[in-house]
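The structure under discussion appears below in the form of structure tokens.
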Amino acid sequence: MKSNFDIKRLVRSNVLSLKPYSSARDEFKEGQANTVFLDANENPVGDGLNRYPDPQQRELKWAIASKLKISEKNIFLGNGSDEVLDLLFRTFCEPHKDQVLILPPTYGMYKVLARINAVTLQEVLLDTNFQPEVDNILALNTKGAKLLFLCSPNNPTGNLMDPELLERLLRGFNGLVVIDEAYIQYSEQQSWIHRLKEFPNLVVLQTFSKAYGLAGIRLGIGFASEGILQILNKIKPPYNINQLTIQRALEQLSETEIEHIRAQNEDQKQLLKRAFDDIPIIKKVYPSDANFILIQVDDAKKRYQELLELGIVVRDRSNEPLCDNCLRVTIGTTKENLRLLAALKKLKS
Ligand SMILES: *Cc1c(COP(=O)(O)O)cnc(C)c1O
């Protein structure tokens, strides 16, 4: 347990003193069965969507909490994890003054958000196994970065980060440590959400966009202490999660069997990896704990274009540090993967 961690020390002063907008539905939540709602200027006629959604999304939070076996008090919902990330920047980082730390190669949004918010970016490259260089990171931290972004399994590399290294970072870093678990359902690893009590500076991100198969509804989850979430709740847009998203997510939570999705992904991953070994233009296949595989080819730009002409879109990551000539390939359906393999075999070395 990190002793005397005070979240208020990290919050922007204007946010700390902010009195949030109080919506009609915040001030008056639950009516009796015969309550007449004349408080929000809604059209009185409709199928339910004429009403504003619950600003606190209580029903959905309860459903997520019971599925993941944690308290709903530690759950925050965003319009995609991207909204949660944006709110973290705007809550904690003073433009033109504060700094954040990222470990490339990693998810591109951290850098984009830092630039949008005029926040200085410090970068410490991952090592050649794509693991964090803990000593270098903690040495830089004397400059007082507010946020440290870790992505595990990491995008675009695909690997999990060693939990012992992450634990050292959680203990040694003075700001908030954000662990982005967008792909955690595909891995065998325990989520960090079960360790929030141990680490008051921990924020974990998950999403409905990957294993839950709902990138289209835009729903991300932030897990953190009640103290941190109280502050995020102060600055979030009042109705950031729409009613259709809430309904679809509730359906999916009761239907989705994550074990099944993980097993299917694993099958296809093994099949692809075996086939990649026999394709001459593929020089290296990186280990993956996610639903994509990073491969190194002989000439990434050329192979990307050739695949495109054969109707297959992959992601060229060759401009990222430590990713020379690397393509990131999402694991598709059996049929899609067979098309990928057929196309790769057509390419001449
Ligand atoms: C795909 C992905 C997300 C998901 O973002 P959403 O806004 O929830 O769709 C978050 N983090 C990483 C690292 C990702 O790869």
Strands (runs of 3 or more DSSP E) enclosed by the stretch 218-302 - at least 3 residues per element that are crowded, with 16+ Cβ neighbours inside 10 Å, over 21 Å from the mean Cα position of the chain (by Cα) and modelled with pLDDT of 95 or more: 292-297
Which listed residue, of 19, 67, is away from the ligand (no atom under 16 Å from the Cβ), under 25 Å from the mean Cα position of the chain (by Cα) and more than 30 Å from residue 323 (Cα to Cα): 67
Hits in the stretch 129-144 (condition: in a loop (DSSP other than H, G, I, E, B) and surrounded by 14 or more Cβ atoms within 10 Å (Cβ to Cβ)): 130, 131, 132, 133
Selection status of residue 193, within 16 Å of the ligand (Cβ to nearest atom), without any contact (Cβ under 8 Å) to a residue 60 or more places away in the chain and closer than 25 Å to residue 292 by Cβ: no
Residue check, residue 126 within 16 Å of the ligand (Cβ to nearest atom), crowded, with 22+ Cβ neighbours inside 10 Å and touching a residue at least 24 places away in the same chain (Cβ under 8 Å): no
All positions within the stretch 1-38 that are among the β-branched types (Val, Ile, Thr) and modelled with pLDDT under 75: none
Within the stretch 197-210, considering residues that are surrounded by fewer than 20 Cβ atoms within 10 Å (Cβ to Cβ) and more than 12 Å from the ligand (Cβ to nearest atom), the one nearest to residue 83 (Cα to Cα): 200
Residues of the stretch 40-55 satisfying the condition of being without any contact (Cβ under 8 Å) to a residue 40 or more places away in the chain and in contact with a Lys or Arg (Cβ under 8 Å, 6 or more places away or on another chain): 40, 42
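The values are calculated or read from the model by the stated rules, or taken from the named source; none is laboratory data. The structure displayed is predicted, hence computed values, not measured ones. Please note: Cβ atoms are built from the backbone with ideal geometry, for glycine as well, and neighbour counts cover all protein chains shown.
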